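*Asks:* Mind looking over this structure? Questions follow.
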Amino acid sequence: MSSSTAEPQRLTAAVVTVSDSCARGEREDLSGPAVARELQKHQFEITHREIVADESDRIQQLLIRLAPHVRLITTTGGTGIAKGDVTPEATIAVCERLLDGVAERMRSEGARKTAFAALSRGVCGVRGGTLILNLPGSPAGAVESLESVAMLLPHAIDLLAGRTEHKHSRD
């Protein structure tokens, strides 16, 4: 079947909250549900929700396990500069390619609201046919970052699936 007649990719997503306190049950996860709601507004079906501690090996294992089952994995948390913030390193370790422009866009748009956006080290990358997108840990920061790149995600997923025709105009 040629790529021009292939069925559009189903927009499936996993939402991963990276937080020691949430993983221990000491704090309610507010960011994960906020990200899931925002993804649903953009026609994503949330098929997996997970909470993981701020441990690089555990984050890597979870990303590897989820990637074959969804087209997008969003992580929320662990993107700052504190000693325990290891989400970007874990993501880089499992990705085949990075999409620097996506992370740059999130930081650029975030800087319009807060100077602290420059402290985010979140990355975006590709593992197989899956995008992995690191979002900040605060519910507002996570949703705002996601909103800034949401329109890019379906096209990126199509490209990863081999649908390379250009149907979007340059805005």
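The values are calculated or read from the model by the stated rules, or taken from the named source; none is laboratory data. Treat the numbers as computed from the prediction; the structure is a model and nothing was measured. Here the Cβ positions follow ideal geometry from the backbone for every residue, glycine too, while neighbour counts run over all protein chains shown.
*Asks:* Tell me, yes or no, whether the stretch 91-99 has at least one residue that is surrounded by 13 or more Cβ atoms within 10 Å (Cβ to Cβ), modelled with pLDDT under 95 and not hydrophobic (A, V, I, L, M, F, W, C).
*Replies:* So the first thing to find is which residues in the stretch 91-99 are surrounded by 13 or more Cβ atoms within 10 Å (Cβ to Cβ), and the list is 91-95, 98-99.
From the residues that got through so far, the ones that are modelled with pLDDT under 95 too are none.
Within the stretch 91-99, not a single residue is surrounded by 13 or more Cβ atoms within 10 Å (Cβ to Cβ), modelled with pLDDT under 95 and not hydrophobic (A, V, I, L, M, F, W, C).
*Asks:* What are the pairs with Cβ atoms under 7 angstrom where one residue, in the stretch 60-75, is under 21 Å from Leu30 (Cβ atoms) and free of Cβ contacts under 8 Å to residues at least 60 places away in the same chain and the other, located anywhere, is among the acidic types (Asp, Glu) and surrounded by fewer than 21 Cβ atoms within 10 Å (Cβ to Cβ)? Sequence gap at least six, or different chains.
*Replies:* Leu62/Glu50
*Asks:* If Ala82 satisfies every condition in (1) surrounded by fewer than 19 Cβ atoms within 10 Å (Cβ to Cβ); (2) over 14 Å from Pro136 (Cα atoms) but one, which is the exception?
*Replies:* Here Ala82 meets the rest and fails (2).
*Asks:* Identify, from the list Ile59, Ile92, Ile51, the residue that is assigned to a helix (DSSP H, G or I) and farther than 21 Å from Leu152 by Cα.
*Replies:* Values: Ile92 fails: farther than 21 Å from Leu152 by Cα; Ile51 fails: assigned to a helix (DSSP H, G or I).
One residue alone meets the criteria, Ile59.
*Asks:* Now, a different point. Would you confirm whether any residue within the stretch 148-167 is part of a loop (DSSP other than H, G, I, E, B), within 15 Å of the chain's Cα centre (by Cα) and among the aliphatic types (A, V, I, L, M)? Before the answer, list the steps.
*Replies:* From the stretch 148-167, those part of a loop (DSSP other than H, G, I, E, B) are 161-167; that's our starting set.
The next check asks that each one be within 15 Å of the chain's Cα centre (by Cα); those that pass are none.
Looking for residues that are part of a loop (DSSP other than H, G, I, E, B), within 15 Å of the chain's Cα centre (by Cα) and among the aliphatic types (A, V, I, L, M), one finds none in the stretch 148-167, hence no.
*Asks:* List the residue pairs whose Cβ atoms are under 7 Å apart, where the first residue sits in the stretch 88-108 and is on the phi < 0 side of the Ramachandran plot, the second is in a helix (DSSP H, G or I) and among the hydroxyl-bearing types (Ser, Thr, Tyr), and the two are 6 or more positions apart or on different chains.
*Replies:* Glu89/Ser56; Ala90/Ser56; Arg105/Ser148; Met106/Ser145; Met106/Ser148
*Asks:* Within the set of pairs 6+ apart or on separate chains, which have a first residue in the stretch 20-46 that is farther than 18 Å from Ala82 by Cβ, a second that is part of a loop (DSSP other than H, G, I, E, B), and C-beta atoms under 6 Å apart?
*Replies:* Listed by first residue and then by second, the contacts come to Gln43/Leu11; Phe44/Leu11.
*Asks:* Looking at the stretch 24-41, which of its residues are out of contact with any helix residue (DSSP H, G or I) (no Cβ under 6 Å at 6 or more places or on another chain) and under 21 Å from Ala150 (Cβ atoms)? Give the derivation first.
*Replies:* Within the stretch 24-41, the subset out of contact with any helix residue (DSSP H, G or I) (no Cβ under 6 Å at 6 or more places or on another chain) is 24-26, 28, 32-33, 36-37, 39-41.
Residues satisfying the conditions are Gly32, Pro33, Ala36, Arg37, Leu39, Gln40, Lys41.
*Asks:* Only one of (1) surrounded by fewer than 16 Cβ atoms within 10 Å (Cβ to Cβ); (2) over 21 Å from Arg10 (Cα atoms); (3) polar (S, T, N, Q) is not met by Thr47, so which one is it?
*Replies:* (2)
*Asks:* Taking the stretch 6-19 only, how many residues are among the hydroxyl-bearing types (Ser, Thr, Tyr) and within 19 Å of Gly80 (Cα to Cα)? It would help to see each step written out before you state the result.
*Replies:* Keep residues of the stretch 6-19 that are among the hydroxyl-bearing types (Ser, Thr, Tyr), which gives 12, 17, 19.
Filter again for within 19 Å of Gly80 (Cα to Cα), leaving 17, 19.
Counting residues in the stretch 6-19 that are among the hydroxyl-bearing types (Ser, Thr, Tyr) and within 19 Å of Gly80 (Cα to Cα) gives 2.
*Asks:* Can you tell me which residues in the stretch 29-43 are under 13 Å from the mean Cα position of the chain (by Cα) and more than 22 Å from Ala90 (Cβ to Cβ)?
*Replies:* Glu38
*Asks:* May I ask you to list the residues in the stretch 141-150 that are without any contact (Cβ under 8 Å) to a residue 60 or more places away in the chain and not hydroxyl-bearing (Ser, Thr, Tyr)?
*Replies:* Selection gives Gly141, Glu144, Val149.
*Asks:* Also, quick follow-up: Can you tell me which residue within the stretch 113-127, out of those that are of a type in the set (A, V, I, L, M, F, W, C) and assigned to a strand (DSSP E or B), is surrounded by the fewest Cβ atoms within 10 Å (Cβ to Cβ)?
*Replies:* To start, the set of residues in the stretch 113-127 that are of a type in the set (A, V, I, L, M, F, W, C) comprises 115-119, 123-124, 126.
After this cut, where a residue has to be assigned to a strand (DSSP E or B) as well, the list is 124, 126.
Numbers: Cys124: 27, Val126: 17.
Among those that are of a type in the set (A, V, I, L, M, F, W, C) and assigned to a strand (DSSP E or B), it is Val126.
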